[in-house]
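Please read the structure below before turning to the comments.
Here, each number is a calculation from the coordinates, and none is a lab measurement. What you are looking at is a predicted structure, and each value in this text was computed from that prediction instead of being measured. Methodologically, a virtual Cβ is constructed for each residue, glycine included, from the backbone with ideal geometry; neighbour enumeration extends over all protein chains shown.
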Amino acid sequence: MMAEHKPSTPQSPGNGSPAAPPLRERPYELPPLPPNRCYEELPDPESIGETEVVFVEQTDPFEEYSFRLQRIVHQGKTPFQDVLIADTLNHGRALVLDGAMQSAEDDEEIYHEMLVQPAMLRHPDPRDVIIIGGGEGATLRETLAHRSVRTATMVDLDEEVVDLCREHLKPWHCGAFDDHRARLVYADGREFIENDDRLYDVAIIDVVDMLDNGPAQKLYTRQFYEHLRRRLRPNGLVVVQALEFSFVDDKPHVALSRTLRSVFPEVYSYRVHVPSFLGAWGYLIASDWFRPHETSGADIDRAIQMKLGGDWLSHLTGDFAKSCFTHCRETSFLLAQPGPILEDGVDFIPPPYIDDVDQIVELPSLPDR
Ligand code: SAM
């Protein structure tokens with residue numbers, strides 16, 4: 001079965017979540033919306049009252065962020081990680097592993113489109129794709145949207161997480177797990193790549209963050225990417241979900257970029273804002289040949305029309321995708337800094353932050369108009 005099309009914005013949260021409140025009366029008429037859009041009212045914060053439950057994200061030692069929850073759908077522990085699936089009030093249903101947000105209903109499309117599509121649209125003929133991680137099935141959904149794909153092998157460590165996502169996160173996978181081209185493997189991604197002898201056109205790494213000694217630590221090192229490179233066909237592309245990439249936390253992304261550059265000649269960072277991730281999110285695309293600045297927005301739009309048609313994508317357009325590869329002066333400076341790379345068996349101790357030396361900056365003297 002082909003992956004069904006992503007559903008349009010629902011009137012109420014999906015998956016049997018409580019229905020959205022009816023629309024309040026307003027002293028003006030709401031303008032009509034295009035056919036696939038509808039209005040949705042946020043719950044009245046006061047009506048939620050004292051019984052609120054929160055999930056606190058503590059990925060940053062200096063900040064905590066509380067997500068108010070409407071309902072806990074599942075809470076438990078697998079042999080590999082703690083799992084929480086809950087309906088948040090601001091972001092819809094969310095998957096949280098080991099206390100870290102993995103994706104949320106309201107913005108998972110932008111995260112997954114931007115993870116998968118820049119590589120899939122650019123590759124001339126992606127036939128065999130490997131996804132490492134990607135438990136929700138949305139990375140698989142975006143991959144299988146390409147008719148050129150013959151096999152999409154998804155290797156996730158945790159069968160229990162995948163089963164929970166299959167049951168509770170249907171708007172993410174849209175049936176992609178049942179597509180005859182999907183091949184599901186429950187194994188450690190690093191071991192799989194070291195022992196596999198197949199070749200792939202596109203490799204997508206969508207594993208949990210590089211938490212200290214977490215289950216995905218060995219999927220971020222130079223040694224891993226060296227193995228992975230041997231599994232790529234000519235024209236192969238690798239894309240990696242590459243951690244928070246903001247001025248609050250850029251060190252792991254920049255070190256990962258250097259790590260990929262130690263293995264591949266062409267490596268580019270791009271980023272997008274994902275509200276439920278509380279910051280700008282980074283991705284890295286690596287290969288022997290792909291230089292994003294050599295592809296125009298119009299080229300990407302043509303590839304979208306040819307490969308996916310006009311209705312599949314919710315966010316990505318040619319010009320938008322291109323803009324995500326354009327960085328401000330400070331970010332370009334940080335990406336160009338030499339520094340440590342990620343190696344097997346070596347703890348990552350981030351280098352110190354680089355600050356400006358305080359000085360009174362004089363206004364630029366410009367020629368008289
Ligand atoms: N978007 C996410 C993020 O921002 O971190 C990644 C989402 S996806 C749910 C992460 C998946 O990585 C999980 O399903 C987890 O089981 C899987 N995973 C963790 N370590 C792994 C490993 N060593 N090999 C394969 N999959 C792994």
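Determine, for each peptide in 54-64, 26-36, 298-308, 219-229, the mean count of other beta carbons within 10 angstrom over its residues, then list the peptides with the highest first.
Numbers: 54-64: 12.0, 26-36: 6.9, 298-308: 15.4, 219-229: 20.2.
The densest-packed peptide leads the list: 219-229, 298-308, 54-64, 26-36.
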*Which value does Rg/Rh take for segment 68-219 over its C-alpha atoms, Rh per Kirkwood?*
0.96
*What is the spread of the Cα atoms of segment 280-351 along each of their three principal axes, largest first, in whole Å?*
46, 29, 26
*Among the lysines, which have Cα under 23 Å from the Cα of LYS322 when same-chain residues fewer than 8 positions away are ignored?*
LYS307
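Cβ neighbours within 10 Å, averaged per peptide: list 239-246, 323-330, 183-190 in order, most packed at the top. Present the calculation step by step, with values, prior to reporting the outcome.
Working: 239-246: 23.2, 323-330: 13.1, 183-190: 18.1.
The peptides rank, most packed first, as 239-246, 183-190, 323-330.
Give the order of ASP347, ASP156 when sorted by the count of other beta carbons within 10 angstrom, beginning with the fewest. It would help to have the intermediate numbers written out before the result.
Working: ASP347 9, ASP156 25.
Ascending number of Cβ neighbours within 10 Å: ASP347, ASP156.
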*Hey, rough spin-label estimate for TYR353 and LEU366, points 7 angstrom out along Cα→Cβ, what's it come to in nanometres?*
3.1 nm
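At a 10 angstrom cut-off on C-beta neighbours, averaged per residue, how do the peptides 283-293, 105-115 rank from highest to lowest?
Ranking, from highest mean packing down: 105-115, 283-293.
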_Given points 7 Å out from each Cα along the Cα-Cβ axis, report the GLN58 to ASN90 separation in nanometres with one decimal._
1.9 nm
*Can you give me the Cα centroid spacing of segment 194-237 and segment 54-124 in angstrom?*
22 Å
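What is the gain in length, in nm to one decimal, between ARG147 and ASP299 on full extension, counting 0.36 nm per residue of separation less the C-alpha to C-alpha distance? Before the final figure, lay out the partial values.
Working: separation 152, 0.36 × 152 = 54.72 nm, distance 1.89 nm.
Length difference between fully extended and current span is 52.8 nm.
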*To the nearest 0.05, what FRET efficiency results for GLU46 and VAL248 with a Förster distance of 35 Å applied to their C-beta separation?*
0.65
*So if R0 is 30 Å, what FRET efficiency would THR317 and LEU30 give, r being the distance between their Cβ atoms, rounded to the nearest 0.05?*
0.65
*Size of segment 108-335 along its principal axes in angstrom, Cα-based, largest extent first?*
44, 43, 36
*asked:* For a quick check: sort TRP172, TRP281, TRP312 by the number of other beta carbons within 10 angstrom, fewest at the front.
replied: TRP312, TRP281, TRP172
